[in-house]
Amino acid sequence: MKDAINQLIQYSHSIAARDLVLGSSGNISLKSGTDMLIKASGVCMSESQSSDFIRVDLKNLSYKNKKLKPSCESKMHAICYAMRPEINCVIHTHPLYATTLVSCSINPRLISPEFILSIGSEMKVVEYACPGTEELAERVGQAVKSSNIVYLKNHGLLVVGKTLQQAYTRTLLAEQMAKMQIIGQLLGKKLKGLSSAQAKKLLAHLQVK
Ligand SMILES: [Zn+2]
């Protein structure tokens with residue numbers, strides 16, 4: 001438990017240091033048995049400490065903390081764990097480039113083998129829905145069934161992983177890919193991504209699932 005909280009604090013601080021969230025936005029959770037440990041609502045990732053993470057029941061979203069409320073996106077996190085039993089963490093951020101790209105209705109491209117090897121060849125983009133709502137949680141839940149990464153139009157990014165390190169790296173890679181794509185567009189060039197056939201060949205070649 002203490003180790004889990006320490007990890008959540010460490011990655012929350014790293015996420016904030018990279019400007020992947022501003023203020024108290026974004027949220028992070030780690031599965032713990034039939035519960036999840038999730039950042040409290042209104043807490044800045046940059047300043048988070050052990051008392052800022054709340055244990056929430058994954059089935060009914062109940063919690064015992066009397067001082068703080070869990071993130072308003074708890075339902076979105078819980079649905080990811082329900083859809084993907086093998087994952088242990090969810091990171092939701094508001095990265096500048098990734099959010100800009102999909103909000104311009106430009107589909108993200110598979111640019112580098114590094115991205116594909118970390119995230120896979122499936123990427124999902126969901127239409128805007130009001131943050132914290134059942135509607136958004138349902139959209140993300142459907143998308144995450146077949147993808148480790150979900151871009152939220154006019155909102156941000158959600159990434160799942162088996163470990164916090166994996167989800168964090170995937171978040172950084174997604175932002176880097178979006179940055180490359182936008183720089184390509186600013187240079188007046190359309191950055192060509194790898195095709196799904198090339199991605200499949202790469203994954204098969206290196207025997208990565
Ligand atoms: Zn958000």
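The values are calculated or read from the model by the stated rules, or taken from the named source; none is laboratory data. Only a predicted model underlies this, so the values are computations on that prediction, with no experimental measurement involved. Every residue, glycine as well, gets a Cβ built from its backbone with ideal geometry; the counts of neighbours run over all protein chains shown.
Things to note:
- The residues of the stretch 23-38 that are among the hydroxyl-bearing types (Ser, Thr, Tyr) and either at positive phi or part of a strand (DSSP E or B) (or both), listed by number, are Ser29, Ser32.
- Where Lys153 falls short, out of the listed (1) basic (Lys, Arg); (2) more than 23 Å from Val21 (Cα to Cα); (3) within 16 Å of the ligand (Cβ to nearest atom): (2)
- Of the residues making up the stretch 23-34, those that are within 15 Å of the ligand (Cβ to nearest atom) and in contact with a Cys (Cβ under 7 Å, 6 or more places away or on another chain) are Gly23, Ser24, Ser29.
- Any hit, the stretch 49-63, residues being within 16 Å of the chain's Cα centre (by Cα) and surrounded by fewer than 16 Cβ atoms within 10 Å (Cβ to Cβ): no
- Among residues of the stretch 39-58, those that are without any contact (Cβ under 8 Å) to a residue 40 or more places away in the chain, away from the ligand (no atom under 16 Å from the Cβ) and in a loop (DSSP other than H, G, I, E, B), counted: 1
- Within the set Lys145, Lys189, the sole residue that is more than 15 Å from the ligand (Cβ to nearest atom), more than 19 Å from Ile79 (Cα to Cα) and of a type in the set (Lys, Arg) turns out to be Lys189.
- When the stretch 110-147 is filtered for residues that are in contact (Cβ under 8 Å) with a residue 60 or more places away in the chain and farther than 15 Å from Ile87 by Cβ, the ones remaining, listed by number, are Leu110, Ile111, Ser112, Pro113, Phe115, Ile116, Leu117, Ser121, Gly132, Leu136, Ala137.
- Among the residues listed as Thr93, Thr133, the single one being within 14 Å of the ligand (Cβ to nearest atom), farther than 18 Å from Gly184 by Cα, within 16 Å of the chain's Cα centre (by Cα) and among the polar types (S, T, N, Q): Thr93
- Matching option when the condition is in a loop (DSSP other than H, G, I, E, B), at pLDDT 95 or above and within 15 Å of the ligand (Cβ to nearest atom), among Leu20, Leu61: Leu20
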